[in-house]
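The values are calculated or read from the model by the stated rules, or taken from the named source; none is laboratory data. As the structure is a prediction and not an experimental result, all values here were calculated from the model. Methodologically, a virtual Cβ is constructed for each residue, glycine included, from the backbone with ideal geometry; neighbour enumeration extends over all protein chains shown.
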Protein chains: 2
Amino acid sequence: MARMSTPPRGRPGRPVDPEIDSRVLSAALEVYSEVGWAGFTMNAVARRGGVGKAALYRRWPTRQDLFAAAINSLRTSGPVEITGSLYRDLTQTANRLINRFLGPHGMASIRALVDAKIYPDELGEALDYVRQSTIIGGRKIVLAAVDSGELPPDVSPSLIMDALAGTLVHRILLIPDTRRAQLAANPEPLVAQVVDLVLRGVGWQGTVSTRRTESGSGEPRTASEG
Amino acid sequence: MARMSTPPRGRPGRPVDPEIDSRVLSAALEVYSEVGWAGFTMNAVARRGGVGKAALYRRWPTRQDLFAAAINSLRTSGPVEITGSLYRDLTQTANRLINRFLGPHGMASIRALVDAKIYPDELGEALDYVRQSTIIGGRKIVLAAVDSGELPPDVSPSLIMDALAGTLVHRILLIPDTRRAQLAANPEPLVAQVVDLVLRGVGWQGTVSTRRTESGSGEPRTASEG
């Protein structure tokens, strides 16, 4: 869908100075991580980013626009590559997720999902975009694995993605601060554990070295939402 | 540990009027769900709850105390009963979690975990209590299942609880608002899917009807929804 390839809210014109853009978006994420939607003001972001309010409003006419741009800037790495192995695809996805959640603005995206439930009229549209990207990305990975016979045809793509991302999010939210640095330095064991749990949990038929490259392409995609 | 059985922050004296107590805690959760820690003030809670600030400060001298009491009031149902079947224990746990997250203050506990990462000095202690209760409750269930042979001895209790709770949280955060009511009315299919995924994912050896209490261990403990 074309709508999915660009952020949902129109931004007036192209950004004139990418450096200011990125500084402001980073300031916006910092402010947002601290205060959430209720405290997210153009004033606070302008002050934190060291830019004038006029420059801010020129780029993002409303705080919704600024919020949407900031949240979308967290998702810079493009769609996950489908490698030919569900094991590798999920490992790649899990690594991205853990890097994002443990990154400098890791709490912003979780807070945004919470705020979207509390302020659906104001934030629903911006977050629908994030939700849809997540769901569509996961669905592609899962459907490719169903096509190649690595997964049974009745698996639920959203269940797989909820399990993968949710387990990581929950661990990061509950880990004591004293052990957070250790996880950030060495996330591989957790990623391997979680990918293994999810693959076994959904009846994965592949092996770590499975390749999907020569699988039949005429098969209808039958994965259905659970 | 005795420390785990009571909230960590001392409350001065017993509450004098339980009805005011519960009204204030509900107002506190409402305010907190909307504005998070940055906007959580005694003033806002007093106004929302329709009580004087003096009454509020008498019960909870600081906003940390009020926050801790409010968050802990979400966990009213006591420890999960160990029924003799891991399948039933996890189903019971999942039902409680989904009821809490879909309940009137469902976003408060997720927001609190996010805020504890942003304001560790102010909220770390209150949230450690919540984290520890979750971890200890899950560990008991898992260790009982290891004892009975339902689970291999090398499973990670925290991985199981992260997967169970995290999958549910992620689904609830990502579900479109249009489908939320449907999930609230009929959570059983999702609970069954998630419990099944987690059990298969960790190499569960039991069956749905497995009981762990075959040899006369006093009174047989039966399942009951908490």
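Brief remarks on what is shown
- All positions within region B:157-168 that are within 9 Å of chain A (Cβ to nearest Cβ) and either touching a Lys or Arg at 6+ places or on another chain (Cβ under 7 Å) or without any contact (Cβ under 8 Å) to a residue 24 or more places away in the chain (or both): B:SER158, B:ASP162, B:GLY166
- The single condition among (1) assigned to a helix (DSSP H, G or I); (2) in contact (Cβ under 8 Å) with a residue 60 or more places away in the chain that A:LEU151 does not satisfy is (1).
- Among the residues listed as B:ILE118, B:ILE98, B:ILE141, B:ILE135, the single one being closer than 25 Å to B:MET42 by Cβ and of a type in the set (Val, Ile, Thr): B:ILE118
- Candidates B:LEU90, B:LEU66 - the one that is at pLDDT 95 or above and either touching a strand residue (DSSP E or B) at 6+ places or on another chain (Cβ under 7 Å) or in the same structural domain as B:SER109 (by TED's automatic domain parsing) (or both): B:LEU90
- So A:ASN99, is it assigned by TED's automatic domain parsing to the domain that holds A:ASP196 and either surrounded by fewer than 21 Cβ atoms within 10 Å (Cβ to Cβ) or free of Cβ contacts under 8 Å to residues at least 24 places away in the same chain (or both): yes
- Output for region A:28-85, where each listed residue is in contact with a helix residue (DSSP H, G or I) (Cβ under 8 Å, 6 or more places away or on another chain), exposed (fewer than 14 other Cβ atoms within 10 Å of the Cβ) and free of Cβ contacts under 8 Å to residues at least 12 places away in the same chain: A:ASN43, A:GLY52, A:LYS53, A:GLU81
- Looking only at residues of region A:169-190 that are at the interface with chain B (Cβ under 7 Å from one of its Cβ atoms) and not acidic (Asp, Glu), we find that the one that is surrounded by the most Cβ atoms within 10 Å (Cβ to Cβ) is A:VAL169.
- Listed by first and then second residue, the pairs with beta-carbon distance under 6 Å, at least 6 apart or on different chains, first residue in region A:171-187 and assigned by TED's automatic domain parsing to the domain that holds A:ASN95, second surrounded by 13 or more Cβ atoms within 10 Å (Cβ to Cβ) and modelled with pLDDT under 90, are A:LEU174/B:ARG131.
- Filtered residues of region B:92-149 (kept if facing chain A (nearest Cβ under 8 Å) and of a type in the set (Val, Ile, Thr)): B:ILE110, B:VAL114, B:ILE118, B:THR134, B:ILE135
- When residues of region B:125-165 are limited to those that are within 16 Å of B:ALA112 (Cβ to Cβ) and small (Gly, Ala, Ser), the one surrounded by the fewest Cβ atoms within 10 Å (Cβ to Cβ): B:SER133
Yes or no, residue by residue, for (1) in contact with a Pro (Cβ under 8 Å, 6 or more places away or on another chain); (2) more than 14 Å from every other protein chain (Cβ to nearest Cβ); (3) of a type in the set (Val, Ile, Thr):
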{"site": "B:ASP21", "(1), (2), (3)": "yes, yes, no"}
{"site": "B:VAL24", "(1), (2), (3)": "no, yes, yes"}
{"site": "B:TYR32", "(1), (2), (3)": "no, no, no"}
{"site": "B:GLY36", "(1), (2), (3)": "no, no, no"}
{"site": "B:ASN43", "(1), (2), (3)": "no, yes, no"}
{"site": "B:ALA46", "(1), (2), (3)": "no, yes, no"}
{"site": "B:GLY50", "(1), (2), (3)": "no, yes, no"}
{"site": "B:ALA54", "(1), (2), (3)": "no, yes, no"}
{"site": "B:ARG58", "(1), (2), (3)": "yes, yes, no"}
